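Some notes on the structure that comes next.
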Amino acid sequence: MANQLHVRLVTPDRVLVDSTADAIELPARNGYMEALFGHAPLLSELGAGEVRTHGGHAGEQRYFVSWGFVEVLPDRVTILAETALKPEEINATEAHQELERGEKLWSEAGDDAEKYEEANHVIEEAEAKLASASSRS
Amino acid sequence: MANVLDLRRRIRSVKNTRQITKAMKMVAAARLRRAQEKALSSRPYAMMMTSVLQSLRRRVDAVDPETGQMHPLLVTRPEKNILLVVISGEGGFAGAFNANIVKAANTFIAGHKDAQVDIQAIGRKGRDVLRRRYPAAQFTDSARQEGRHRAAPVELLDDHHHGILHQLNFERASGLAHEITSLYAHEKIDAAYVVYNEFKSVIQQRVVVERVLPILEIGEREVALTQEMTQEERERAGEAAISSGVSLSEAEAEAGAKQAEEEARRFGTAEVDYIYEQDPGELFNALLPRYVATQLYHAMLESVAAEFAARMTAMDSATNNASELIDSLTLAMNRVRQAAITKELIEIVSGAAAL
């Protein structure tokens, strides 16, 4: 069908989604954004969050993405994700443990800016994971 | 001369061995197929990563405009401290697989006499051999790898990546890559190389030493040392593959992947002006460490596939040898039995004749 985006979600292990959609929501580093057909070409890094597709063959689908990279072209969206999980695949207890680990790292980081960053990263990822898992409908 | 009973016992024992080797061969073949699939399905990601980095590299200066410094992973320094990642197998019974890897690692070390080499061994077999040969690195604070006390020019780093090849996933590979890149960024090492067994197909493998850091040219692989399979090995591997039903060429599997790869190659390289959501330089910095991770992951995937291929070949040879041994033992046993019968007959006949 015309005027639909070709969406691909690729992880190091497999190609998760290869389908079409009307719209796609992306967790860009600086906040969520939505891409529709005819979007201007764009490259962006993705933070931890959810990728959502709407309409088209893909239908309503949600994937949790920890870190990724996206290329938006007028008719095509390609997402490179380090890990991508369906909400039901998320292990909530593990995510909780991760969050605790992140908080521990954060409190131990001291003056080291790099460690702070790493700790923040872990916390951010775990929180996004939990949010994604709890909003399961 | 051995008696029939002894020979029969030998045959039974060899038969048992043959059964084991045959089972191992089949298991290796099945796991090889899975490893091949995994390696194949990781390709689109790696290709996309490479092409987007290449196109970014063309558009963006890797030099930070504020400080005028290159990205730390692109800086080259004289190679005084080298990290050598040795990817070997987790198990034995794989012919010369592990020995070849260790040999390549030793050749590399011998060729860098004036440098200090740290070895990070991935895979149990290589680690065990290297541990006997090189001393372990000493740290006063071993948990954080600080307070290094260097005793020998070549030392083995403490390994906390046990079993990474058993349950190979990208997360663990990128954990390792993260360690390496941070060592490099802090100038603890001046170069990082990987020794692993490259796997194109069952009959196309070679041991390579590849440089992963510093990154000089994205998408180009820098191979420092290779060791090809011999013709004989190749033939053996081919026979083994046929007898266990593994396809020799990648042709069938490739066909589907080709198109995806073509598309992957175009990823992020369209001749349009992209809107960069972030600063392109920032994107570049975020992508470079991941590029190293994909390279390492790729090396490990190939090494795992190669290990199973080597095991399959070795076990096929063992099965054939066992069959041959059984044949010759059976022949010997029949001879002995016949000789005994003949002897008894002669005794009876000559006994009767004497009457």
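Some points to look at:
- Across peptide B:39-52, the average count of Cβ atoms from other chains found within 10 Å of a residue's Cβ is 4.
- Over chain A, relative contact order from alpha-carbon pairs under 8 Å, at least 6 apart, %: 21
- The phi torsions of region B:98-115, fed into the Karplus equation with coefficients 6.51, -1.76 and 1.60 and a -60° offset, translate into couplings of 6, 4, 4, 4, 5, 4, 4, 5, 5, 4, 4, 5, 5, x, 10, 5, 8, 10 Hz, rounded to whole numbers, with Gly and Pro shown as x.
- At q = 0.12 Å⁻¹ the log10 of I(q)/I(0) for the protein assembly as shown amounts to -1.17, computed by Debye summation with a single uniform scatterer per C-alpha, solvent ignored.
- Cα radius of gyration and Dmax for region A:90-134 (Å): 10.8, 34
- For the residue pairs B:25/B:125; A:86/A:115; B:80/B:125, the C-alpha atoms sit more than 26 angstrom apart in A:86/A:115; B:80/B:125.
- Each residue of region B:314-322 was assigned a 3J(HN,Hα) from its phi angle through the Karplus expression (A = 6.51, B = -1.76, C = 1.60, θ = phi - 60°), giving 4, 6, 5, 4, 4, 4, 4, 4, 4 Hz with x at Gly and Pro.
- FRET efficiency estimate (nearest 0.05) - Cβ-Cβ, residue B:131 to residue B:30, R0 22 angstrom: 0.10
- Positive end of the dipole of the protein assembly as shown (Cβ unit charges, origin at the Cα centre): among A:96, B:240, B:299, the Cα lying farthest that way belongs to B:240.
- Ranked by the mean number of other Cβ atoms within 10 Å of their residues, highest first, the peptides B:87-94, B:339-346 fall in the order B:87-94, B:339-346.
- Rg and Dmax of region A:48-137, based on Cα coordinates, read 15.4, 50 Å.
- log₁₀ of I(q)/I(0) at q = 0.12, 0.21, 0.22, 0.23 Å⁻¹ - region B:300-355, Debye sum with one point per alpha carbon: -0.55, -0.81, -0.83, -0.86
- Between residue B:341 and residue B:275, the simple label model (points 7 Å from Cα in the Cβ direction) yields a spacing of 9.3 nm.
- Rg and Dmax over the alpha-carbon atoms of region A:5-85 stand at 10.9, 30 Å.
Laboratory data are not the source of any read-out in this text; all were calculated from the coordinates shown. Source: prediction; values computed, not measured. When we count neighbours, we look across all protein chains shown, and the Cβ atoms used for this are built from the backbone with ideal geometry, even at glycine.
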